[in-house]
1. Report the Rg/Rh value for the chain, based on alpha-carbon coordinates and the Kirkwood definition of Rh.
2. Report the relative contact order of the chain, percent, no decimals, based on alpha-carbon pairs under 8 angstrom and at least 6 residues apart.
3. Send over a whole-number figure in Å² for the accessible area per residue of region 77-205, probe 1.4 Å.
4. Can you work out D for region 153-193 in µm² s⁻¹ from Stokes-Einstein, where Rh is the Kirkwood radius over C-alpha pairs, the temperature is 20 °C and the viscosity is 1.002 mPa s?
5. Enter the angle in degrees (range 0 to 90, nearest 10) between the Cα long axis of helix 181-256 and the first principal axis of the Cα atoms of the chain, meaning the one along which they spread out most.
6. Over the chain, what percent of the accessible surface lies on carbon and sulfur atoms, probe 1.4 Å?
7. Taking only the alpha-carbon atoms of region 1-121, what semi-axes of the equivalent ellipsoid follow from 5 times the gyration tensor eigenvalues under a square root, in whole Å, largest first?
8. With axes computed from alpha carbons, what is the tilt in degrees of helix 3-63 against the longest principal axis of the chain, rounded to the nearest 10 within 0 to 90?
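The values are calculated or read from the model by the stated rules, or taken from the named source; none is laboratory data. Everything numeric here is computed off the predicted structure, so don't read it as measured data. Note: accessible area is taken over every heavy atom of the protein model, side chains too, but ligands, DNA and RNA are not part of it. Shrake-Rupley method; radii C 1.70, N 1.55, O 1.52, S 1.80 Å.
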Amino acid sequence: MKTRQKIILFAITPLILALCAIALAVWHQATLLAQQQRNSVESAYLASKEAELKHYVALGTRSIAHLYESGRQDAATLNEAKAILSKLDYGEDGYFFLYDLKGNNLMHPRQPELVGRNLWNFTDANGVPIIQQMTALALAGGGFERYVWEKPSTRKIVPKLGYVVTLDRWGWMLGTGIYLDDVGSALAKIDAQSSANIHNTMLWITCIAIACAIFIALAALAVNISEYRVADAKLKVLTQRVVRSQEDERARLSRDLHDGISQWLVSIKLQVESGIAKLMSPSPQNGTALASFDRAADQLNNVLSEVRRISHDLRPAILDDLGLAAALDHLTQEFSYNTPLNVTFEAIGATDGLDDVSNTVLFRIAQESLTNIKRHANASSVHIELIGSKKTVQLKITDNGIGFNVSGIAQHPKRGIGLRNMHERLETVGGKLQMISSEEGTQVIATLHKA
């Protein structure tokens, strides 16, 4: 997997996980809220129905109050009361029923076949002894009972809520009830609506997650394209610098070869030819011929020295053989010998532990710094310190020159190439370059971490 793909993955994955956690929390809270809403609606609905049933029973008792309070218990009075109660209804499924305290059905407008039957031991579909429990509630002062009973309008067994009281003088249990299947339908609609709302919320969260993932992917793609263009532009600039540096180095080598070695070789050739001519003349001049060969030998020594100098500039062998400290010490000695500058070197601490590339980078920075000091600083002395610790190696180059504007040189398009090269060299090996300059001198500090 490529780096940019990993970045996209690591950006999208936490977002998806966060949205999943949010979706789970929203689902849990929505489900809990829907259940609480259902319970609240059910409680409020049943409370209203219980109050309604009490009103119905109170209405029924008031409708026969004139007979009940008369004190009469003859058959005609009781039959008149039953007739009045049987005619009282409130809808197709709303009616009153009468039982004596022994479980005998005295009146049932919707199920006349039950009249006269003893239902004391009758149980509903759930095994509940309905008449026994309602009689106990009535004798206790009245109460509500939930059971299942046949609904007259549909002839189906559905839940029912009944309310009963006693008529003590006549030994009756008067009651009425409402069927709760309508309540179940209303609650089922609430459940369906809540489920639909939760589903829509989850769908919105999913759409948001997909949209965010697409946005991140597109943004990452745009950033990658932009970074690719910037990197490509930087690569082109770097390539141009590399080519320019190569051409500058080739030009320098060409000048060194042409102005120094080439001229000396021509002079040596002429001296050798002159000596040979003197030896081959009719009257040999051994003394003058030997003098020509001696001059040629001296010039050959100069050529060898120049070749060693060029080779040392390209890659000092002492850097590979004896290490960075020895190479810098040799560089300072050579620079002091060839220039009027007083260059000193000091190694402090454990300066080893860097790889070959890092050693070469620090050596080149020292070379570039000394070259810049020679050309621009107008300094008389330079001090180089190589400081080693457990984790880092630090190169400090300090001169007493006139200084320069660090930020101005760094931003100038045609100047400060050497400084930029030093920065880039250190960046390639993870190092850091600092420059401090004033009228009292300049200090270059290069820091590298040990492997």
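1. 1.63
2. Numbers: 538 pairs, mean separation 39.6, N = 451.
9 percent.
3. 48 Å²
4. The estimated diffusion coefficient comes to 171 µm²/s.
5. 0 degrees
6. Carbon and sulfur: 58 percent of the exposed surface of the chain.
7. Details: eigenvalues 890, 47, 22 Å².
For region 1-121, the ellipsoid semi-axes come out as 67, 15, 10 Å.
8. Taking Cα atoms only, the helix is inclined about 10 degrees.
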